[in-house]
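Undergrad: The structure under discussion is supplied below as structure tokens; questions concerning it will follow.
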Amino acid sequence: MEAEKGGWGDIKLQKLEEGPIGKMANWPLAKRLLRQYYPSAVAWHEPRPGKKEELAAQRRFWESRSVLNGPVRMWAPESFNYEPALKLLRHGDVVLDAGAGNLAFAVLAAEVCRKVYAVEIVPETLADGLKELGWELPKNLVPICADFRTPPLPTDVSRIVLLVVHFQGLVDQWKGREVIRATQAGVSVDRTGVVEAPAP
Ligand SMILES: C[S@@+](CC[C@H](N)C(=O)[O-])C[C@H]1O[C@@H](n2cnc3c(N)ncnc32)[C@H](O)[C@@H]1O
């Protein structure tokens, strides 16, 4: 999973670096994480380089989690949506980053929000991120290796961030909370099921 230098990944990184994200304290961390995967996206059905024997294990993993025909099975950072999503976050938010990949967005969100739970289903992807961060894992970033559709939602979560363009479903347990959702047209705020407080 070595990222080549000088490809489209570098162009994307440079664009982020020149914008407001490039001024964030955690940008150097996010940049290292993004570098792990740019410019090549790693498809779920392809063994990682040098790890052909992983293929059968990967298939068993996905089948046991009933996501074969479900949401995204390919990992690529959706960094084109990082800036609009970050703009929507507030300082007091406790965020669930659903489908967090290798934590590239989560480290940036952790700088803006009170706490970030980062839920990623693929252990290898999450492990890549944790290995890269090592002792620099932000204190208020809580990585969880799980299916974001099933584990009980931590009770303090106030908003969901879903930067997974290919998953447009709603998860039952998210009801009542705003979902900052990536769509083909950019980031939108989904308030389905949000119960407004009655006017005083
Ligand atoms: C397109 S990637 C985006 C990653 C990250 N949001 C970002 O933009 O950097 C989608 C990620 O969601 C993960 N994913 C897909 N379905 C999931 C599920 N049900 N529960 C947890 N993670 C899931 C995938 O493994 C993949 O890493």
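Undergrad: Criterion first (under 22 Å from residue 38 (Cα atoms) and either within 9 Å of the ligand (Cβ to nearest atom) or under 12 Å from the mean Cα position of the chain (by Cα) (or both)) does residue 129 satisfy it? Walk me through it before giving the result.
TA: Numbers: under 22 Å from residue 38 (Cα atoms): yes; either within 9 Å of the ligand (Cβ to nearest atom) or under 12 Å from the mean Cα position of the chain (by Cα) (or both): yes.
So residue 129 fits the description; yes.
Undergrad: Return the residues of the stretch 61-83 that are more than 7 Å from the ligand (Cβ to nearest atom), at pLDDT 80 or above and either exposed (fewer than 11 other Cβ atoms within 10 Å of the Cβ) or within 16 Å of residue 126 (Cα to Cα) (or both); say none if nothing qualifies.
TA: 61, 64
Undergrad: Quick one: would you say residue 3 is touching a Lys or Arg at 6+ places or on another chain (Cβ under 7 Å), surrounded by fewer than 18 Cβ atoms within 10 Å (Cβ to Cβ), among the aliphatic types (A, V, I, L, M) and modelled with pLDDT under 75?
TA: Working: touching a Lys or Arg at 6+ places or on another chain (Cβ under 7 Å): yes; surrounded by fewer than 18 Cβ atoms within 10 Å (Cβ to Cβ): yes; among the aliphatic types (A, V, I, L, M): yes; modelled with pLDDT under 75: yes.
So residue 3 passes the test.
Undergrad: Exactly one condition in (1) assigned to a helix (DSSP H, G or I); (2) within 14 Å of residue 26 (Cβ to Cβ); (3) in contact (Cβ under 8 Å) with a residue 40 or more places away in the chain is false for residue 84; which is it?
TA: Here residue 84 meets the rest and fails (2).
Undergrad: Would you mention how many residues in the stretch 132-159 are more than 12 Å from the ligand (Cβ to nearest atom), on the phi < 0 side of the Ramachandran plot and either loosely packed, with under 13 Cβ neighbours inside 10 Å or not hydroxyl-bearing (Ser, Thr, Tyr) (or both)?
TA: Pass one, the stretch 132-159, residues more than 12 Å from the ligand (Cβ to nearest atom): 132-142, 152-159.
Still in the running and on the phi < 0 side of the Ramachandran plot: 132-133, 135-142, 152-159.
Next, from what is left, pick out any that are either loosely packed, with under 13 Cβ neighbours inside 10 Å or not hydroxyl-bearing (Ser, Thr, Tyr) (or both): 132-133, 135-142, 152-157, 159.
Here the count works out to 17.
Undergrad: Which residues, counting only those in the stretch 112-126, are crowded, with 16+ Cβ neighbours inside 10 Å and either more than 9 Å from the ligand (Cβ to nearest atom) or closer than 18 Å to residue 31 by Cβ (or both)? Let's see the steps before the verdict.
TA: So the first thing to find is which residues in the stretch 112-126 are crowded, with 16+ Cβ neighbours inside 10 Å, and the list is 112-113, 115-122, 124-126.
The answer is 112, 113, 115, 116, 117, 118, 124, 125.
Undergrad: Every residue in the stretch 84-111 that is farther than 12 Å from residue 163 by Cα and within 8 Å of the ligand (Cβ to nearest atom), please.
TA: Hit for the stretch 84-111 is 102, nothing else.
Undergrad: Also: Any residue in the stretch 184-200 that is modelled with pLDDT under 70 sitting within a Cβ distance under 8 Å of a residue that is not in a loop (DSSP other than H, G, I, E, B)? List the pairs, counting only those 6 or more apart or interchain.
TA: Close Cβ pairs (under 8 Å, with a partner that is not in a loop (DSSP other than H, G, I, E, B)) amount to 193/174.
Undergrad: Suppose the filter is in contact with a helix residue (DSSP H, G or I) (Cβ under 9 Å, 6 or more places away or on another chain) and at pLDDT 90 or above; does residue 86 pass it?
TA: Numbers: in contact with a helix residue (DSSP H, G or I) (Cβ under 9 Å, 6 or more places away or on another chain): yes; at pLDDT 90 or above: yes.
Yes: the conditions hold for residue 86.
Undergrad: A further question on this structure: Contact list please: Cβ distance under 8 Å, first residue in the stretch 55-77 and part of a loop (DSSP other than H, G, I, E, B) and among the β-branched types (Val, Ile, Thr), second residue within 13 Å of the ligand (Cβ to nearest atom) and modelled with pLDDT of 65 or more, pairs at least six apart or on different chains.
TA: From residues that are part of a loop (DSSP other than H, G, I, E, B) and among the β-branched types (Val, Ile, Thr), the pairs are 67/121; 67/147; 72/99; 72/164; 72/165; 72/166; 72/167.
The values are calculated or read from the model by the stated rules, or taken from the named source; none is laboratory data. Just so we're clear, the structure is a prediction, and the values are computed from it rather than from any experiment. Every residue, glycine as well, gets a Cβ built from its backbone with ideal geometry; the counts of neighbours run over all protein chains shown.
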